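Accompanying notes for the structure given below.
The values are calculated or read from the model by the stated rules, or taken from the named source; none is laboratory data. Source: prediction; values computed, not measured. With ideal geometry, Cβ positions are generated from the backbone for all residues, glycine too; neighbour counts draw on all protein chains shown. Keep in mind that these areas ignore ligands, DNA and RNA; they rest on the heavy atoms of the full protein, side chains included. Shrake-Rupley method; radii C 1.70, N 1.55, O 1.52, S 1.80 Å.
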Amino acid sequence: MEHTINDAQLGKITIVRSNRAKRVIIRVMPSGDIKLIYPSVATLERAWDFLNRRREWILKAKEKIAQQRKVQRFEEYSPADIERLRILAKQEL
């Protein structure tokens, strides 16, 4: 069983009830979405309580992912940087 909700603070959360899971698991995906997986022997309430206790960790993990995904845009390079990169590229080729 799988369904998705949108949390005001955390964003998209996909909730999955799994026969294979042994414990409640929170995964922060590279997209920043969250997957909450809980065993079929547990209740959704227990899984949701676990997620709420881990909110701070989730927010930190999402911030870390956002920092890793930041890429300097071409417009942010100065003309001197662009020229330096061109020279380096010519040397490498």
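A few remarks follow.
- Per the conditions (1) in a helix (DSSP H, G or I); (2) modelled with pLDDT of 95 or more; (3) surrounded by 11 or more Cβ atoms within 10 Å (Cβ to Cβ), the sole criterion not satisfied by GLU56 is (3).
- Positions within segment 1-13 being part of a loop (DSSP other than H, G, I, E, B) and surrounded by 14 or more Cβ atoms within 10 Å (Cβ to Cβ), in sequence order: LEU10
- Residue count for segment 72-86, restricted to those that are at pLDDT below 85 and among the small types (Gly, Ala, Ser): 1
- Cβ-Cβ under 9 Å pairs, at least 6 apart or on other chains, segment 1-16 side modelled with pLDDT under 95, far side surrounded by fewer than 13 Cβ atoms within 10 Å (Cβ to Cβ) and not basic (Lys, Arg): MET1/SER40
- Some residue of segment 74-91 being within 11 Å of the chain's Cα centre (by Cα) and among the hydrophobic types (A, V, I, L, M, F, W, C): no
- Hey, LYS62 under 16 Å from GLY11 (Cβ atoms), touching a residue at least 12 places away in the same chain (Cβ under 8 Å), basic (Lys, Arg) and not in a strand (DSSP E or B) or not: yes
- Whichever residue in segment 14-49 is assigned to a loop (DSSP other than H, G, I, E, B) and β-branched (Val, Ile, Thr) and, among such residues, is least open to solvent (accessible area, probe 1.4 Å): VAL24
- So ILE58, is it closer than 16 Å to GLU2 by Cβ and hydrophobic (A, V, I, L, M, F, W, C): no
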